[in-house]
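Every number here is computed from the coordinates shown, using simple stated rules; none is lab data. Given the structure is predicted, the values throughout are model-derived calculations rather than measurements. With ideal geometry, Cβ positions are generated from the backbone for all residues, glycine too; neighbour counts draw on all protein chains shown.
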């Protein structure tokens, strides 16, 4: 039997698909759950990192598929802007906002990921940071600015509302998710609210911003899945990836509707309660 | 203002070239052979800091993109 069973792969995949997109920390949950149910899986084990590569790529491909029309427009806009040497239309501007937002997240991720993972590897710290993630979401709700009411389409509205500095800040905020317990989507949605986006637009911008980062991180580690490190994990990883894809698709559909009318507050309450409860449980 | 912008463009180009060179050094040299002021330098280590190289390369590209947009033909506003 491999280090991860097919059943564990399926459960972790289902969990990954949901928690990567809900603002509740996928890494935190994938650290806490094995400890809660007594599985001998640790986030610093090489095979587990290899497993996560597959589920992350699946999630990124789902996001790419869900927003493929937006990405097509954005890519055409980027091409037009490079040709004309001018960022003239909203699609081009949104594309460059995503580039600007991806730079701090990418650099911090590339340079700090291993070190942070080593330092904050335990389920205890993940539980505490999950509770703090709740505080962060509460804070974003309290400090959010009123979003402008316009008749523009979603992407145009985002492109007009977010400044270059705002995109950089939201991108940098994503890097907090390198610490298990903090949520990437939560940080970028919270950042989006602080720069004046509505909940729906903040979620949309967070998902667009997350796609290249998650995909690049997955592709960068793909050789590990194909190499000897992937021995005994590829089967469960494939099952996990399929499960992650299904729940990621359901999650993104749900969240895009949910944030038309609702806020981050329920997720903040969940993170605060679940994180505190787990921290107490692990401590006693 | 135009002079300031021109200086900024030159700075971006120089920085871009430097960062691409830094990226190449990260990819080519093991950690023990990196200059001691480079993040990741480690005596005796044979590890290649590929990710540091990617980060430097991407920021270099961003510098070039900044210079590209700021040296484009000026558009006149429609009457």
Worksheet entry | Modelled label reach - residue A:119, point 7 Å along Cα→Cβ, segment A:42-58 residues with backbone N closer than 17 Å | A:44
Item to complete: Please determine, in degrees from 0 to 90 and to the nearest 10, the orientation of helix A:234-261 with respect to the longest principal axis defined by the Cα atoms of chain A, where the helix direction is its Cα long axis.
Response: 40
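Would you please put A:115-122, A:77-84, A:233-240 in order of how densely packed they are, using the mean number of other Cβ atoms within 10 angstrom per residue and starting with the highest?
On the way: A:115-122: 14.8, A:77-84: 16.5, A:233-240: 21.2.
Highest-to-lowest ranking by the protection proxy: A:233-240, A:77-84, A:115-122.
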Worksheet item: Taking every eigenvalue of the Cα gyration tensor of chain A, multiplying by 5 and rooting it, what semi-axes result, largest first, whole Å?
Response: 31, 22, 16
Fill in: Highest to lowest packing among A:210-220, A:66-76, A:185-195, scored as the average C-beta count within 10 Å
A:185-195, A:210-220, A:66-76
Worksheet item: Given only helices, namely DSSP H runs of n ≥ 4 each adding -39500 (n - 2.57), what is the per-residue ellipticity at 222 nm of chain A, to the nearest 500 deg cm²/dmol?
Response: -26500 deg cm²/dmol
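Taking N as the number of residues in chain B, what is its alpha-carbon radius of gyration divided by 2.2 N^0.38 Å? Numbers along the way, then the final one.
Numbers: Rg = 17.3 Å, N = 79, 2.2 N^0.38 = 11.6 Å.
So chain B has a normalised radius of gyration of 1.49.
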Worksheet item: Averaged across the residues of A:81-87, what count of C-beta atoms belonging to other chains lies within 10 Å of each residue's C-beta?
Response: 4
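Stretch residue A:40-residue A:261 to full length: gain in nm at 0.36 nm per residue minus the Cα-Cα span? Before the final figure, lay out each step's value.
On the way: separation 221, 0.36 × 221 = 79.56 nm, distance 4.08 nm.
Extra length available between residue A:40 and residue A:261 comes to 75.5 nm.
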Worksheet item: Could the peptides A:249-257, A:25-33 be put in order, highest first, of the mean number of other beta-carbon atoms found within 10 Å of their residues?
Response: A:25-33, A:249-257
Practice prompt. For segment A:49-107, restrict the atom set to alpha-carbon positions and state the Rg and Dmax in Å.
Written response: 14.0, 43
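Using square roots of five times the C-alpha gyration tensor eigenvalues, list the equivalent-ellipsoid semi-axes of segment A:153-218 in whole Å, biggest first. Don't jump to the answer; show the numbers that get you there.
Values: eigenvalues 75, 30, 21 Å².
Values for segment A:153-218, descending: 19, 12, 10 Å.
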Fill in: Cα-projected label distance for residue A:219 with residue A:276, points at 7 Å along beta-carbon direction, nm
4.3
Discussion item. To test your reading of the geometry: what angle, between 0 and 90 degrees and rounded to tens, separates the Cα axis of helix A:46-66 from the longest principal axis of chain A?
Written reply: 30
Discussion item. Taking a ≥ b ≥ c as the square roots of the Cα gyration tensor eigenvalues, with a/c under 1.5 meaning rounded and otherwise prolate when a/b beats b/c, else oblate, which class fits segment A:63-222?
Written reply: oblate
Worksheet entry | Cα long-axis angle, helix A:184-194 against chain A (0 to 90 degrees, to the nearest 10) | 30
